[in-house]
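What follows is calculated from the coordinates using simple rules that are stated; it is not laboratory data. This is a predicted model, so every value here is computed, not measured. Glycine gets a Cβ as well: all are built from the backbone with ideal geometry, and neighbour counts include every protein chain shown.
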Amino acid sequence: MRVTQQLLNQSALNGMQNNLRRVKTLQEQAATSKKVNRPEDDPFAVEQSLGFRSRIKASETARNNIAMSQDWLNATDKALGDISDLLTRTRTLALKGASDTIGADERRALATEVEGIIEQAIAIGNTRHGDHYLFAGFQVDTQPFTQNPTTGPITSTTYNGDNGQIIREVEPGTDMVVNTPGNALFADVFDTLINLRDTLQASPFVTGDVASVATDLEDQLDNVLDVQAATGTKVRRLEATAARMEDSEIGMRELLSKAEDTDLAEVASQLSQQQFVYQTALAINGKILRTSLLDYVR
């Protein structure tokens, strides 16, 4: 191929343009601290970055679900602890009421205390977490339990919730039921407490009837403790999951940084070199191009 002056001039200009593009790229990297500022800079790194960002986002969403689930479960655990304390106290009252050594006045006093415990138990069944009821199933905006009648001694309760299970994704691909519908948990508790009050007030009084209710209270207490233990197990599982996911996120962010971030010291050094090369080429090519122009004029 015949090398002409025009070809030499164009080659010099192309070389300077390529050098100027490298300078511009390095300047962008220095300004943004990113070695990838557009897909064409490094398609493979961009693909890696998108993958890491997607996984980090999914992990963050799951950890937010974990935090909300932990709050809900901790509130549930507190309410279950309160109801178990009430049942423990009530069992003590029942055992005392079953004794032949106390009289009718003392049993009526016990019945009055049990009436107060019934009201407290219903209040626990209607516990809120924020604006939502803990034990209403899906009907979180509806008070789950109402007493009958609304005034005077309580003879029964009505459950206004449902048996819906609130399920949250606590890590990618893994779901957990975080609520406890109150009907199965509390209905028998309320009935047993009401039965104990009525039995203590019964005339004629039958010691064996109170002893039988005390046994029922034991069963109710065991049931509540089982549910509370399961709730505590979920809380501990979420704590471990959150810690594991946080560690995983740290690793993914480090990999994302390696894929995207630039070494500023290295970029500064390369930029200085490229600027020097560009200035040198500019000076040399400037002389060559001016000389060629003069030769053309002559």
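Some observations on this one:
- Straight-line reach from Lys258: taking Cα to Cα under 18 Å and skipping same-chain neighbours fewer than 8 places apart, the aspartates and glutamates in range are Glu28, Glu40, Asp41, Asp42, Glu47, Asp247, Glu249, Glu266.
- Label-point separation in nm, Gln165 to His132, each point 7 Å along Cα→Cβ: 1.6 nm
- Under a model in which nothing but the beta-carbon of Lys, Arg (+1) and Asp, Glu (-1) is charged, the stretch 51-254 shows a dipole of about 580 debye around its Cα centre.
- Packing, as the average of other Cβ atoms within 10 Å across residues, places the peptides 178-188, 233-243, 128-138 in the order 178-188, 128-138, 233-243, highest first.
- Paramagnetic label zone (point 7 Å from Cα along Cα-to-C-beta, Ala202; backbone N under 18 Å) in the stretch 105-134: 105-112, 114-115
- Were the residues from Glu113 through Glu47 laid out at 0.36 nm apart, the gain over their Cα-Cα distance would be 16.9 nm.
- Residue-span extension gain [Ala184 to Asp247] - 0.36 nm each, minus C-alpha spacing: 18.8 nm
- Whole-angstrom Cα spans of the stretch 51-254 along principal axes, big to small: 76, 30, 20
- Cβ-to-Cβ counts within 10 Å put Leu200, Leu221 in ascending order as Leu221, Leu200, the fewest first.
- Spin-label pair Glu239/Asn74, simplified geometry with 7 Å Cα→Cβ offset, distance in nm: 1.0 nm
- Gain in span if fully extended, Ala67 to Asp105, counting 0.36 nm per residue against the direct Cα distance: 8.6 nm
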